[in-house]
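Enquirer: Got a structure for you, questions after.
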Amino acid sequence: MSDYAENITEKKPDRDLISIIVPCYNEEKALPAFYRAAADAVKDIRGADCEFIFVDDGSRDNTPEILEHFSAMDPRCRYLSFSRNFGKEAAMYAGLQNASGDYCVFMDADLQHPPELLKEMYRVLKTEDYDCCAGLREDRSGESPLRTFLSRSFYHIIGKACRLDMGDGKGDFRMMSRAMADSILELKEYNRYMKGIFSFVGFETKWIPFHNVERTAGETKWSLRSLFRYAMDGILSFSTAPSTAAGAAGMLLLFTALAAGIFFLLSGQGLSGIPLVICLILALNGVQMLFLSILGQYMSKEYMESKRRPIYIVKKKGGF
Ligand code: UDP
Ligand code: MG
């Protein structure tokens, strides 16, 4: 049994249990350092024990063997292994479903989420009136300028389009109460965009700033292509803005047709021949886009309904 393993197999009644959920995809190089650092950090937390829920997201390296080894030597370590790569969002969902802690925290396996913050996060949830305490990444040092630019632009657009609080730097590294964890589990939609889900379920969140560090070992799993897909997923899962934008473009075309018509009339060219064709093309395209957008609005209503999200989420009850 490891130096770090205390004999914790069941939750003790007088102590809290913190579930540390770690999605892992090809993390054989990073996992040993992660485990050492995280196990060291939780030693310092008074009043709570922890369990690790590692989720192997269909890794093709030795990640499953390493996780098996962790769970054999430390009873606090549990793991699930997916049959193939389902993505980080699926891994986080599976981890949360299998976590039994009073508090749950998501952490990346590459030590980009500093384990030293766990103690402060637990203190905040225990002593202040918050259901969630999250890391706020203050900078993007060590990242390519192109990726920084694209990410910043994306968070700017999605913030405006979805009217949800999903700013740059507000990632998945967060500890939450059981109430918040349960409400996240109630959202059973297939296309899961966790940052949107955190924001959707509400609850007061305290942000603790931290500096970006380069991953401890191994490589990032995100290519520009997968980031673009992720960005589109985020926008389409939480917003009907693209369909509204099509409507706005349709209106713009209609106004342009009107303005062009007035211009041709006032300039004495009259509305026949080529000027008429120009105005008709603009107007007809405008009408088409407007109707497509209306259709899109009906479809997106149906799409949002199909997610069967809870209509409300209760934080506390009294006097029932
Ligand atoms: N991850 C995962 N499934 C995937 C991609 C990533 O479980 O399909 C995990 C990965 O192992 C890591 C975390 O998600 O623990 C964050 O991934 P990464 O460090 O590659 O992302 P970045 O920090 O570059 O955004
Ligand atoms: Mg990383």
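Each value in this text was obtained by applying a stated rule to the coordinates, not by laboratory testing. Owing to the predicted nature of the structure, the values given are computational and were not obtained by experimental measurement. With ideal geometry, Cβ positions are generated from the backbone for all residues, glycine too; neighbour counts draw on all protein chains shown.
Enquirer: To the nearest 20 debye, what charge dipole does the stretch 1-137 have about its Cα centre, counting +1 at the Cβ of each Lys and Arg and -1 at the Cβ of each Asp and Glu?
Expert: Roughly 40 debye for the stretch 1-137.
Enquirer: Something else now. Share of antiparallel DSSP beta bridges in the chain, in percent to the nearest 5?
Expert: On the way: 7 of 31 bridges.
Among the beta bridges of the chain, antiparallel pairing accounts for roughly 25 percent.
Enquirer: Here's a follow-up. Using the crude model of +1 on Lys and Arg Cβ and -1 on Asp and Glu Cβ, and no other charge, please compute the dipole size for the stretch 118-250 relative to its Cα centre, in debye to 20.
Expert: Charge dipole, the stretch 118-250, about its Cα centre: 280 debye, nearest 20.
Enquirer: Follow-up. Helix 241-266 versus the longest principal axis of the chain: what is the Cα-based angle in degrees, 0 to 90, to the nearest 10?
Expert: With rounding to tens, the tilt is 20 degrees.
Enquirer: So which chymotrypsin sites (Phe, Trp or Tyr not before Pro) in the stretch 127-216 end up in coil per DSSP with only 12 or fewer other C-beta atoms within 10 Å?
Expert: Within the stretch 127-216, the qualifying chymotrypsin sites (Phe, Trp or Tyr not before Pro) (loop, at most 12 other Cβ atoms within 10 Å) are Y190.
Enquirer: Give me the compactness ratio for the stretch 231-298, meaning the Cα radius of gyration over 2.2 N^0.38 Å.
Expert: Rounded to two decimals, the normalised Rg is 1.44.
Enquirer: Packing-wise, with mean Cβ within 10 Å as the measure, how do 274-282, 32-40, 262-270 rank, highest first? Walk me through the numbers before you get to the answer.
Expert: Numbers: 274-282: 14.7, 32-40: 18.6, 262-270: 11.2.
Answer by packing, highest mean first, reads 32-40, 274-282, 262-270.
Enquirer: Still on this model: Please report the relative contact order for the stretch 155-267, taking Cα pairs under 8 Å with a sequence separation of at least 6, and give it as a percent rounded to a whole number.
Expert: Relative contact order here is 33 percent.
Enquirer: Could you work out which residue, out of S272, S81, S100, moves most in a Gaussian network model of the chain, that is, has the largest mean-square fluctuation with Cα springs under 10 Å?
Expert: The residue that fluctuates most here is S272.
Enquirer: Sticking with this structure for a sec: Viscosity 0.692 mPa s, temperature 37 °C: Stokes-Einstein D of the stretch 63-133 from its Kirkwood Cα radius, in µm² per second?
Expert: For the chosen part, D equals 232 µm²/s.
Enquirer: Tell me, how many Å apart are the Cα centres for the stretch 221-281 and for the stretch 106-165?
Expert: Taking the Cα centre of each part, the stretch 221-281 and the stretch 106-165 sit 35 Å apart.
Enquirer: For the chain, what relative contact order do you get, as a whole percent, if you take Cα pairs closer than 8 Å and at least 6 residues apart?
Expert: 17
Enquirer: If you don't mind, another one. Only four residue types carry charge here, +1 at the Cβ of Lys and Arg and -1 at the Cβ of Asp and Glu. Report the dipole size of the stretch 225-320 about the Cα centre in Debye, rounded to the nearest 20.
Expert: Dipole magnitude for the stretch 225-320 comes out near 820 debye.
Enquirer: Hey, another quick one. Restricting to Cα pairs below 8 Å that are 6+ residues apart, what does the relative contact order work out to for the stretch 83-172? Please round to a whole percent.
Expert: Numbers: 40 pairs, mean separation 21.1, N = 90.
Here the relative contact order equals 23 percent.
Enquirer: I've got another one for you. Do the alpha carbons of any pairs in K43/K316; K221/K315; K126/K316; K88/K170; K88/K316; K88/K307 sit beyond 25 Å of each other, and which pairs?
Expert: K43/K316; K221/K315; K88/K316
Enquirer: Largest first, please: the extent of the C-alpha atoms of the chain along each principal axis, to the nearest Å.
Expert: 91, 53, 35
Enquirer: Another question, if that's okay. Rg/Rh for the stretch 63-188: what does it come to with C-alpha atoms and Rh from Kirkwood?
Expert: Ratio of gyration radius to Kirkwood radius for the stretch 63-188: 0.98.
Enquirer: How much mean residue ellipticity at 222 nm does the chain get from its helices, if each DSSP H run of length 4 or more adds -39500 (n - 2.57) and you divide by all residues, to the nearest 500 deg cm²/dmol?
Expert: It comes out at -16000 deg cm²/dmol, rounded to the nearest 500.
Enquirer: Putting +1 on Lys and Arg Cβ atoms and -1 on Asp and Glu Cβ atoms, find which of L185, L150, M121 reaches farthest to the positive end of the dipole of the stretch 86-186.
Expert: Toward the positive end, the furthest listed residue is L150.
Enquirer: Sort the following peptides by mean Cβ neighbour count (other Cβ atoms within 10 Å, averaged over residues), highest first: 306-317, 15-26.
Expert: Listed from highest to lowest mean packing, they are 15-26, 306-317.
Enquirer: How large is log10 I(q)/I(0) at q = 0.18, 0.20 Å⁻¹ when the Debye formula is applied to the Cα atoms of the stretch 135-262, each weighted equally and without solvent?
Expert: These q points yield log10 I(q)/I(0) values of -1.12, -1.30.
Enquirer: Further, regarding this structure: What's the Kirkwood radius of the stretch 25-96 in Å, using all Cα pairs?
Expert: Evaluated on the stretch 25-96, it is 12.7 Å.
Enquirer: Another question, if that's okay. Round to the nearest 10 and give me the degree value, 0 to 90, for the angle of helix 31-43's Cα axis relative to the longest principal axis of the chain.
Expert: The helix 31-43 is inclined about 70 degrees to the chain.
Enquirer: Which of these, D74, D14, D44, has the largest mean-square fluctuation under a Gaussian network model of the chain (Cα springs below 10 Å)?
Expert: D14
Enquirer: Still on this structure, I have one more. For the Cα atoms of the chain, what angle does the longest principal axis make with the long axis of helix 273-306, in degrees from 0 to 90, nearest 10?
Expert: Once rounded, the angle reads 30 degrees.
Enquirer: Work from the charge dipole of the stretch 193-317 (Cβ charges, +1 for Lys and Arg, -1 for Asp and Glu, about the Cα centre) and give the residue of Y303, L271, I313 farthest towards its positive end.
Expert: I313
Enquirer: Charges on Cβ only, +1 for Lys and Arg, -1 for Asp and Glu, centred on the Cα centroid of the chain; of G169, I20, A48, which one is farthest towards the dipole's positive end?
Expert: Of G169, I20, A48, it is G169.
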